[in-house]
Amino acid sequence: MPPRIPDYTWTRIVNLHLQGFSKVNVVKTLLQEGLQVTYRGVSGVIDRYGKHGLICDSHRRGRRKRIDVTEIIDKNLKANDELTASDLQTIIFKETGTRLSLSSIKNKRAKLGWKCSGRKSCQMIRKVNQRKRLEFAITCVKNEDKFANVIFTDESTIELDQHAAITFWKPGDPNGQHRLKPKAKHPTKVHVWAGISSEGATPIQIFRGIMDSQYYVEEILQNTLLPFVEQTFPGGNYRFMQDNDPKHRSNLAMTFMREKNINYWPTAPESPDINPIENVWHELKHFLRKVHKPSNQDELVQGIQEFWQTKMTIEKCRTYISHLRKVVPAVILKKGAATGF
């Protein structure tokens with residue numbers, strides 16, 4: 001009975017064979033590596049691999065060791081979900097010496113339940129803030145918070161854009177050039193600040209410069225927020241939500257809020273998904289691109305004002321805020337990680 005060939009030696013023989021080495025060169029290479037092989041043994045391994053695809057010695061007693069390719073695919077995709085079929089083909093070859101076709105790998109990947117889709121971005125959340133988000137969400141659920149008296153505020157930058165994200169065209173259309181939508185390299189833009197509550201939206205502030213803590217206190221808190229609070233929540237039963245931007249938490253801003261008895265409601269950091277006005281900005285930008293189509297800065301400002309005056313009704317505000325019924329439980333389910341909302 002010929003001596004058994006160790007699994008490692010067997011795999012090396014197959015790998016070298018698949019790399020194009022002749023049987024003689026396989027023997028020379030393995031002897032240089034210190035592996036005891038003969039031409040007859042190498043020839044037998046290569047012949048049996050070509051006939052049966054074996055990657056271990058089937059003469060061994062007991063059950064023959066098989067390498068599960070589907071397990072390799074699943075394991076590597078769990079470690080890196082961006083691997084292509086070509087990447088997996090290389091990994092499988094390195095681990096088993098077997099070169100599967102791309103179609104075979106794609107079929108096995110599909111049977112494992114892996115699907116391909118475009119990347120979806122989300123906010124980055126540090127571990128320490130994931131814990132804070134989880135605690136915040138648990139508190140909201142325990143208190144059965146409906147957020148009925150919360151004023152959700154935020155600022156955003158709006159760029160001039162005249163075109164929606166999709167367009168329709170016919171193949172062979174001589175005027176197909178219309179698919180190309182021009183966009184300025186440095187489009188004009190403005191900044192906006194606003195808030196929404198179950199009782200309606202605040203006025204929207206549109207400004208062109210950089211907002212600092214003084215502007216935030218004088219133009220936003222003093223001239224915009226407080227008049228809205230006095231008119232909409234005359235009894236003072238409200239909560240003011242803002243993110244943790246440095247100018248929002250500056251000594252000037254915090255002192256002003258204490259002096260004016262603004263009911264500031266601290267929330268979890270790195271949590272745009274818990275602030276429903278973020279979705280309002282998305283709708284505003286879509287309205288400007290698809291409906292208003294501004295061609296200059298004045299028209300951009302007019303479009304923003306038109307949207308705020310005609311679209312941001314009490315019902316619209318409540319619809320956005322009610323979305324938190326889905327988001328807050330999702331934060332708990334994700335243990336504070338990004339929810340995708």
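Just so you know, all these numbers are worked out from the coordinates, no wet-lab data involved. All figures in this text were calculated on a predicted structure; none of them were measured in a lab. Cβ coordinates were reconstructed from backbone atoms using ideal geometry, including for glycine residues, and neighbour counts include every protein chain displayed.
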Reachable lysines from LYS106, criterion Cα separation under 29 angstrom, eight or more residues apart if same chain: LYS51, LYS65, LYS75, LYS78, LYS94, LYS115, LYS120
14 Å Cα-Cα reach of LYS23 towards aspartates and glutamates, excluding residues that sit fewer than 8 places from it in its own chain: ASP47
Set LYS142/LYS311; LYS146/LYS335; LYS170/LYS316 screened for pairs whose C-alpha atoms are more than 28 Å apart: LYS142/LYS311; LYS170/LYS316
Karplus-derived 3J(HN,Hα), 6.51/-1.76/1.60, for each residue of the range 129-138, Hz, glycine and proline x: 7, 4, 5, 5, 5, 5, 4, 4, 5, 4
Sorted by Cβ neighbour density within 10 Å, fewest at the top, the residues ARG131, ARG318: ARG131, ARG318
Acute angle (nearest 10 degrees) that the helix 7-18 long axis makes with the longest principal axis of the chain, alpha-carbon atoms: 80
Antiparallel bridges, percent of DSSP beta bridges restricted to the chain (to nearest 5): 75
Other-chain or far-sequence residues with amide H under 5 Å of PHE240's (modelled H): ILE151, ASN263, TYR264, TRP265
GNM flexibility winner over the chain from ASN279, ASN261, ASN149 (Cα, springs under 10 Å): ASN261
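Is it possible to state the helix-based mean residue ellipticity at 222 nm for the chain, with each DSSP H run of 4+ residues giving -39500 (n - 2.57), the sum divided by total residues, to the nearest 500 deg cm²/dmol? What is it?
Mean residue ellipticity at 222 nm (helix-derived): -13000 deg cm²/dmol.
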Under Karplus coefficients 6.51, -1.76 and 1.60, residue-wise ³J(HN,Hα) of the range 255-269 in Hz, glycine/proline x: 5, 4, 5, 5, 5, 9, 6, 6, 7, 5, 10, x, 10, 5, x
Candidates THR313, THR267, THR84: whichever shows maximal mean-square fluctuation once the chain is modelled as a Gaussian network with Cα springs under 10 Å: THR84
Phi-based couplings in Hz for the range 151-161 (Karplus 6.51, -1.76, 1.60; Gly and Pro marked x): 9, 8, 10, 5, 10, 8, 10, 10, 9, 6, 8
Using alpha carbons only: equivalent-ellipsoid semi-axes of the chain, gyration tensor based, whole Å: 63, 27, 18
GNM top mover of ASP87, ASP145, ASP245 - the chain, alpha-carbon springs below 10 Å: ASP87
With Cα atoms, 0 to 90° folded angle of helix 39-52 axis to the chain main axis: 50
Exposed GluC sites (Glu not before Pro) absent - longest run of the chain, DSSP non-H/G/I/E/B, at most 16 other C-beta within 10 Å: 200-341
